[in-house]
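Quick note: the coordinates plus some simple rules give every number you see, no bench work behind them. These numbers come from a predicted model, not from an experiment. Positions of Cβ are generated from backbone atoms using ideal geometry, with glycine treated the same way; all protein chains shown enter the neighbour counts.
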Amino acid sequence: MDKLKILVISNLYPPQVVGGYERAIADYARLLQERGHTVLVLTSNTEDLPTGYQKADSDPSTVRRCLSLWGTWTERGAQPFYPAHVASIAVRNYKTLEQELNSFKPDVCLAGNTDFLGSEILEQILAAEIPVAHYVMNSQPGYSHDLAPRSPLYRYITVSNWIRDNLQQQGYPAETAQTIYPGADVEEFYQAELPQRDRLRIVYASLVMHYKGPDVLIEALYLLHNAGVEFTATIAGGSLTPSFVQALQEFVESEGLQEKIHFAGLLSRPELKQLYKTHNIWVLPSRFEEPFSIGLIEAMVAGLTIVTSDRGGSPEAIQHSETGLIFESENPLDLADNLSSLPVNPAEWEAMTRKGQERALSELSRTCTMDRLESVLYELALQNKKINQ
């Protein structure tokens, strides 16, 4: 089967990141290229992010930071620019994309996060008779349902069944949507030996922001402390709201928990892998409906016990009491109860963790993800050829 020329569109691209979405798309672009496909990435150059792009960093030649976003992220959340500025950016992006399409002539497009790019950029690609597979990892695809492309060459790939069902309920054309779980890099995160389980060694590894619920975890840890349950915990991750992080740190200090709860800040992947060797529980306490957590699968592969809130798509990765634990969102008492139940039944704790790791290895690996994603891209490219014959 002939290899494809694949255009990848993403609003952000590492090292300029806000979360896991852009990291996943970057991984897919790299892995598709490793499979022999020719890949061109079009993205923005957004240097003012907290994890900002440094000029000294060398990008692959296939990454072009030539698009402009018509908004930014602040402590108040996503903020679009004023309308006249948005219009001028849209015109500039149209001309830039036109040049790239004429030069690269892709067979298919893999779209990622289109926040502050909008559906116009997708419509332009479709108008050039290039099919689009849009991998949706947020509750919305970056535009309202009335602006959704209606082409038969446009297909949603969703990160969870929850996202797929949510899109349909909102009125997006998701009848042909296919769920492909993001999977983890098994080779990078796998640990053959399970972490030590002498006590609860808990890690939180995500954005340290209110909607992610780290405060729920810290409240649960406070309850464990008062109940005399032995534990240590690490809070790892960057933040767009430093005042929130400061409030958490002040609470920890006021309750005398600074010896038990450590704030590690933003960690690199190698640092995260090292952290997983010394921790045995990974908690996702999201209060918002998390589409699906890639970090959850990475921790599962590493042999950590997964404890997640019951919101969004992440619970699809585990079965309660079989391959992990699920607690009621925004309920620190329920979270504390689930955490404290683990050391009481050490044999069950170990069995649950091993089953979780086995499921991640067999069903949620990055190889499985790439096989399914590559199949969809081939299918769309073939469908387009038949239409244009």
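Overview of results
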quantity: Kirkwood Rh, Cα atoms: Rg over Rh of the range 283-339; calculated: 0.92
quantity: Hydrodynamic radius by Kirkwood, which averages 1/r over all alpha carbon pairs of the chain, in angstrom; calculated: 21.9 Å
quantity: Net charge over other residues, Cβ less than 14 angstrom from the Cβ of GLY356 (K, R count +1; D, E count -1); calculated: -3
quantity: Debye log10 I(q)/I(0) at q = 0.09, 0.10 Å⁻¹ for the range 186-363, Cα point scatterers; calculated: -0.26, -0.33
quantity: Candidate lysines for bridging to LYS105, where Cα separation is under 21 Å - those fewer than 8 sequence places away on the same chain excluded; calculated: LYS3, LYS5, LYS95, LYS385, LYS386
quantity: Net +/- balance of residues flanking LEU266 in space, Cβ distance below 14 Å, scoring K and R +1, D and E -1; calculated: +2
quantity: Amide H within-cut-off set for HIS262, under 5 Å, with H built and near neighbours excluded; calculated: ALA233, THR234, ILE235
quantity: Pairwise Cα inverse-distance average, inverted: Kirkwood Rh of the range 55-182 (Å); calculated: 15.9 Å
quantity: The range 124-222 shape via C-alpha gyration tensor axes, a/c threshold 1.5; calculated: prolate
quantity: Using alpha-carbon coordinates, inclination of helix 366-387 to the longest axis of the chain, degrees; calculated: 20 degrees
quantity: Helix axis angle, 214-226 relative to the chain longest principal axis, alpha carbon, degrees; calculated: 10 degrees
quantity: Spatially proximal aspartates and glutamates relative to LYS277 (Cα-Cα < 20 Å; intrachain offsets below 8 disregarded); calculated: ASP185, GLU187, GLU188, GLU193, ASP198, GLU230, GLU259, GLU298, GLU350, GLU358
quantity: The range 349-389: C-alpha gyration tensor shape, a/c 1.5 cut-off, then a/b vs b/c; calculated: prolate
quantity: Pair GLU348, GLU250: separation of 7 Å Cα→Cβ label points (nm); calculated: 4.1 nm
quantity: Nearest 10 degrees, 0 to 90: helix 332-344 Cα axis against the chain principal axis; calculated: 60 degrees
quantity: Positive minus negative residues near VAL344 (Lys, Arg vs Asp, Glu; Cβ under 15 Å); calculated: -3
